[in-house]
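Only the coordinates and a few stated rules stand behind these numbers; no lab work does. For clarity, every value in this text was computed on a predicted model and none was experimentally measured. Virtual Cβ from ideal backbone geometry, glycine too; neighbours counted across all protein chains shown.
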Amino acid sequence: MKMKKWGVLAVAGALTASLALFGCSTTTAEEGAGDEATEASYTLVNEGKFTVGVSPDFPPFENLVDGEYVGFDIELSKAIAEELGLEVEFKTLQFDGIPAAVAAGGQVDVGITGLTITPDRQETVDFSDPYYIADQSVAVMKGGEITADNVDDLLNTEGMVIAVQSGSTGEAYAQENYSNATAQAYGNATDCFAAMQSGQADAVCMDKAVVEQMLAEAYTDAEVVKQVATGEEYAVAVSKDNPELLAAINEAIATLTEDGTIEDLTAQFLG
Ligand code: ARG
C-alpha cells in the first residue's frame, strides 16, 4: 500500500516537473537553506508562508493557551516550515471543515490537526506519510452506571448519548459501534467533555491521547472505560493540486524522523 502511494507520487512529481519545463507558473521555493541541488516548485496561499489550518481544541496536539497555539502538531508544523524555508502561519478553522478547506485552496496550504488518514478524506485531499499512530477511547463520568465491564452493551442502547466531534473518526466509531445510541456531534472537541460533565451526554468517544489529556488536566471526575486500538495514522492533508508541496512535506517528515525531532516531540507532548 505504501509502495503504491510512492509510485503515484513519483508519477505525479514527474508530471509536474515536465509541466514546469513548459513554463507552468507555480511559485518556486528553495527547499531548505543552502540546498543548491533541490528546488521545489509548489503553490502557496501566501508567498513565503506555510499556512496551516488547525482546530485548536485537541490537546496535546493543538490547543490555545493564553492566545498562543501550543502542542505536538504546532511544533511539528513549525519544524516542517523550517525545513521548507518558510514562515509558519496558523489559521483556526472548525475541524469538520478542514479537509474541504485544504481541497478548495485559497485559505490554507495544509491541515495539520490530528487528522487521521481515511478513505473518505482521501477522495478530497492527499495525505503525507503518517507521523503519529492513534487509538480511540470512551470516557464516562465516574460513579455512573456505565463501567468497563458493561460499556459495549449499556452504551449501545436507545437513549444513550455519546458526545463526539463533528466529522471526526470518533463520531464514525460511535455511529458504527453504538448504533442504537445517539452520537451527538459538537463542533469543538472540548465541548464534548463539558456536555458529558453537565449530564447532556453519557459518554465521550475520541482519540485516546486527547481523552487522557483532557481527563488529567480538567475532568478528573471522568474515567476511561474502553480503549480501542484503531491504529489511526495522523498525517498532513495537502491539496491534490499541490503534489510538489506534498513531496516536500514528505521529505521534511523523513528528515525530522531521522534526526529525532518527531521522537522528541512525542516524548515532550505524549510521554
Ligand atoms: N483523529 C480524529 C480525526 O481525524 C480527530 C481529530 C480532531 N482534531 C482536532 N484538532 N480537533 O477525525
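Calculate, in nm to one decimal, what ASP66 and ALA218 gain on full extension: separation in residues at 0.36 nm each, minus their alpha carbon distance.
Extra length from ASP66 to ALA218 when fully extended: 53.1 nm.
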Which residues' amide hydrogens lie under 5 Å from the amide hydrogen of VAL110, considering only partners 5 or more residues apart or on another chain, with H built in the peptide plane?
THR51, GLY53
Given H placed 1.01 Å from N in the peptide plane, which residues other than close sequence neighbours of THR182 have an amide H under 5 Å from its amide H?
GLY159, MET160, VAL161, ILE162
Along the Cα-to-C-beta direction of ASP264, a point sits 7 Å from the Cα; which residues of the range 46-88 have their amide N less than 14 Å from that point?
75-80, 82-83
Cα-Cα pairs in the range 213-271 separated by more than 19 Å, as a whole percent of all pairs, come to 56 percent
What does the charge add up to near TYR219, with Lys and Arg as +1, Asp and Glu as -1, over the other residues with Cβ less than 13 Å from its Cβ?
-4
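Can I get the semi-axes of the chain's equivalent ellipsoid? Compute them from the C-alpha gyration tensor as square roots of 5 times the eigenvalues, in angstrom, largest first.
Working: eigenvalues 281, 67, 49 Å².
Ellipsoid half-lengths, sorted descending, are 37, 18, 16 Å.
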Which of GLY97, PRO59, GLY85 sits closest to the plus end of the dipole of the range 48-113, meaning its Cα is farthest towards the positive end, when Lys and Arg get +1 and Asp and Glu get -1 on the C-beta?
GLY97
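For VAL236, VAL210, VAL161, what's the fewest-to-most ordering of other Cβ within 10 Å of each Cβ? Before the final figure, lay out the partial values.
Values: VAL236 29, VAL210 26, VAL161 18.
Ranked by crowding around the Cβ, least crowded first: VAL161, VAL210, VAL236.
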What do you get for the angle between helix 208-217 and the principal long axis of the chain? Use alpha-carbon atoms, 0 to 90 degrees, nearest ten.
60 degrees
How large are Rg and Dmax for the range 185-248 when calculated on the C-alpha trace, in angstrom?
16.2, 48
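Working out 0.36 nm times the residue gap between ALA194 and ILE133, then minus their Cα-Cα distance, what length gain in nm do you get to one decimal?
Residue separation times 0.36 nm, minus the Cα-Cα distance, leaves 19.3 nm.
Calculate the dipole size of the chain relative to its Cα centre from +1 charges on Lys and Arg beta carbons and -1 charges on Asp and Glu beta carbons; express the result in debye to the nearest 20. Numbers along the way, then the final one.
Working: 11 positive and 46 negative charges, 131 e Å.
The calculation lands at about 620 debye.
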